[in-house]
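Engineer: If you scroll down you'll find the structure; I have some questions about it.
The values are calculated or read from the model by the stated rules, or taken from the named source; none is laboratory data. Remember, predicted model here, so these are calculated numbers, not experimental data. FYI the Cβ positions are ideal-geometry reconstructions off the backbone, even for glycines, and counts take in every protein chain you see. Protein only, heavy atoms only, side chains kept; ligands, DNA and RNA dropped before computing areas. Shrake-Rupley method; radii C 1.70, N 1.55, O 1.52, S 1.80 Å.
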Amino acid sequence: MSEAVTMEKIVALCKRRGFIFQSSEIYGGMASVYDYGHYGTLLKGNVKAEWWRSVLQERDDVVALDAAILMHPRTWEASGHLAGFTDPLVQCLGDCKRRWREDHLREASNRGVVAEGGAEGGEAPLELHCPQCGGELTEPRQFNLMFETHVGPVAEEGSTVYLRPETAQGIFVNFKNVLQFARKRPPFGIAQVGKAFRNEITTQSFIFRTYEFEQMEIEFFVPPAEAEIWHERWMEDRMRWYTDLGLRPDHLQLRPHGADELSHYSSATSDIEYLFPMGWSELEGIANRGDFDLTQHAEHSGEKMDYVDPGTGERYVPHVIEPSAGADRGTLAFMVDAYDEEEVEGRERVVLRLHPRLAPVKAAVLPLVNKDGQPEKARAIYEELRRRMPAEFDTGGSIGKRYRRQDEIGTPWGVTVDHQTMEDDTVTLRDRDSLEQSRISAGELVADLERRLHEPWRSPKLIS
Ligand code: ATP
């Protein structure tokens, strides 16, 4: 097996197999905006479905919400985003004139990637230079990341609204509604999946950082005294979610933020980081937001946001633990982790060793030859299978070529119909990872695959 996963290989596979395309390609493409094709849509859909399953089905203290992207502009005053959702922008004064995020350069420099100039033992601040051309950099300037647009036919004062930079605020402004109708009391959570938009200074690394992306966020409301314990629990739960879905534990880490990194709302945050080809990078942030958001919205809206415990009569503003994950970054991490190359019988094969529940297609039904009743038999099996799980039927090209295509999109099982099928109604079941082939009765196929789909699963990269 190969460890040489590069972003270029992932990008090439995504394009070759129709997972992800550059946006507006026919016009030369728009940088850092991407469109998901068939398999990409299915894969990201599965990532989101697994997230929903883990928060709604596997526990009973979280309810769902789907809030709008546009919100009353005062939301962003209250949340602190208008004043504080900024990144420090520096620009190269040398030849390339590129823009960078100063905090990213500093982080990379601390990790020894672009270490220059300075200071051992953290005494004087490091002097940073442009990583592209080595030029000097401007002083940092704070740059607001929110995209603005206007409601109504005329762009005038008072018509400005923002594309939400996070889904979280849609949850906070609905806190009272949910509390009233959901019959929940703290500790309980509200979960949401949806688009968020950020006018990022530096976009990079394919779908890792884009202007438009999907978040999967939970705001978990707790009695103030329980905030720390729930923060701990959520960090454990979220780490386990990634490893249960196959990410290798040695490619995942939990990194607590230093005091200088904390967002304006947070008293403690830890990032779940994944070892992407460009190095350790954030996959999900898990923040203890205290009572910051509810208090701010209470002050700005005049609506009370506190909770009265019916048992004790105690009145308090709940504290909030926020596990905030990116669906696109998650999808990228699952692909990177699953990507593998190996030589089989003298030929190279590329295979996505995805968890079966994440795989866009679960099984491909393939007649060995295109005659002797095999295609008809294979189609009948496929028709039955696809009612229970996403499946494909493929008659085009040699069997080796069809397997390679399925390997590249991560299909865990190949079902081959051959001459023996026509005699005894058995099919060959091929395992994507071990390449083992076993014979199984066609009548038992659906039940067998459904059972396999729900078995605990570990990355074959770990087992080998
Ligand atoms: P970063 O430091 O990488 O800019 P952040 O700390 O600003 O990220 P959060 O505000 O914590 O990110 O957002 C929660 C999650 O949303 C991130 O962990 C990430 O998965 C996702 N996310 C944030 N910004 C982007 C983006 N521009 N493109 C894709 N996903 C993003």
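Engineer: So which residues in segment 70-101 are buried (at least 17 other Cβ atoms within 10 Å of the Cβ), in a helix (DSSP H, G or I) and more than 25 Å from the chain's Cα centre (by Cα)?
Structural biologist: The answer is 75, 78.
Engineer: Do any residues in segment 428-454 that are closer than 17 Å to residue 368 by Cα and open to solvent by less than 30 Å² (accessible area, probe 1.4 Å) have Cβ atoms under 8 Å from those of residues that are aromatic (Phe, Trp, Tyr) and part of a helix (DSSP H, G or I), where the two are at least six apart or on different chains, and which pairs are they?
Structural biologist: 430/403
Engineer: Right, something else. Just name the residue that is farthest from residue 375 (Cα to Cα) out of those in segment 409-427 that are aliphatic (A, V, I, L, M) and surrounded by 15 or more Cβ atoms within 10 Å (Cβ to Cβ). Break it down stepwise before answering.
Structural biologist: Step one: list which residues in segment 409-427 are aliphatic (A, V, I, L, M), which gives 409, 415, 417, 422, 427.
Now narrow it down to the ones that are surrounded by 15 or more Cβ atoms within 10 Å (Cβ to Cβ): 409, 415, 417, 427.
Numbers: 409: 22, 415: 12, 417: 8, 427: 13 Å.
Among residues in segment 409-427 that are aliphatic (A, V, I, L, M) and surrounded by 15 or more Cβ atoms within 10 Å (Cβ to Cβ), the one farthest from residue 375 (Cα to Cα) is 409.
Engineer: Can you name the condition, by its number, that residue 40 falls short on among (1) in a helix (DSSP H, G or I); (2) more than 25 Å from residue 412 (Cβ to Cβ); (3) small (Gly, Ala, Ser)?
Structural biologist: Residue 40 satisfies every listed condition except (2).
Engineer: Could you check segment 247-271 and list, in sequence order, the residues that are at pLDDT 90 or above and touching a Pro at 6+ places or on another chain (Cβ under 9 Å)?
Structural biologist: 269, 270, 271
Engineer: Still on this structure, I have one more. Scan 323, 318, 310 and give me the residue that is within 16 Å of the ligand (Cβ to nearest atom) and within 30 Å of residue 297 (Cβ to Cβ). Step through it out loud before you land on a result.
Structural biologist: On the way: 318 fails: within 16 Å of the ligand (Cβ to nearest atom); 310 fails: within 16 Å of the ligand (Cβ to nearest atom).
Residue meeting the stated conditions: 323.
Engineer: For residues that are assigned to a strand (DSSP E or B) and hydrophobic (A, V, I, L, M, F, W, C), scanning just segment 326-356, find the one that is farthest from the ligand (Cβ to nearest atom). Full working, then the answer.
Structural biologist: Taking segment 326-356 as the starting set, the residues that turn out to be assigned to a strand (DSSP E or B) are 326, 339-344, 347-352.
From what's left, hydrophobic (A, V, I, L, M, F, W, C): 344, 350-352.
On the way: 344: 35, 350: 25, 351: 26, 352: 21 Å.
So the residue we want is 344.
Engineer: So if I check each of 244, 260, 250, which one is touching a residue at least 40 places away in the same chain (Cβ under 8 Å) and surrounded by fewer than 20 Cβ atoms within 10 Å (Cβ to Cβ)?
Structural biologist: Going through 244, 260, 250 in turn, the sole match is 244.
Engineer: For residue 250, work out the one condition from (1) in a helix (DSSP H, G or I); (2) within 14 Å of the ligand (Cβ to nearest atom); (3) over 20 Å from residue 223 (Cα atoms) it doesn't fulfil.
Structural biologist: Against the list (1) in a helix (DSSP H, G or I); (2) within 14 Å of the ligand (Cβ to nearest atom); (3) over 20 Å from residue 223 (Cα atoms), residue 250 comes up short only on (2).
Engineer: Right, another one. List the helices (runs of 4 or more DSSP H) that sit entirely inside segment 357-464 and contain at least 3 residues that are more than 22 Å from residue 242 (Cα to Cα). Before the answer, list the steps.
Structural biologist: Numbers: elements: 374-385, 399-409, 419-424, 445-453, 460-463.
In segment 357-464, the matching helices (runs of 4 or more DSSP H) lie at 374-385, 399-409, 419-424, 445-453.
Engineer: A further question on this structure: Quick check on my filter: what residues within segment 168-204 are part of a loop (DSSP other than H, G, I, E, B), under 20 Å from residue 72 (Cα atoms) and within 12 Å of the ligand (Cβ to nearest atom)? Quick ask: steps written out before the conclusion?
Structural biologist: The initial filter retains those residues of segment 168-204 that are part of a loop (DSSP other than H, G, I, E, B), namely 173-174, 182-187, 198-203.
Applying the additional criterion that residues be under 20 Å from residue 72 (Cα atoms) yields 173-174, 198-199.
Correct list: 198, 199.
Engineer: Would you confirm whether or not segment 123-142 contains a residue that is at pLDDT 90 or above, touching a strand residue (DSSP E or B) at 6+ places or on another chain (Cβ under 6 Å) and surrounded by fewer than 17 Cβ atoms within 10 Å (Cβ to Cβ)?
Structural biologist: yes
Engineer: Quick check on my filter: what residues within segment 380-408 are crowded, with 17+ Cβ neighbours inside 10 Å and hydroxyl-bearing (Ser, Thr, Tyr)?
Structural biologist: The answer is 382, 403.
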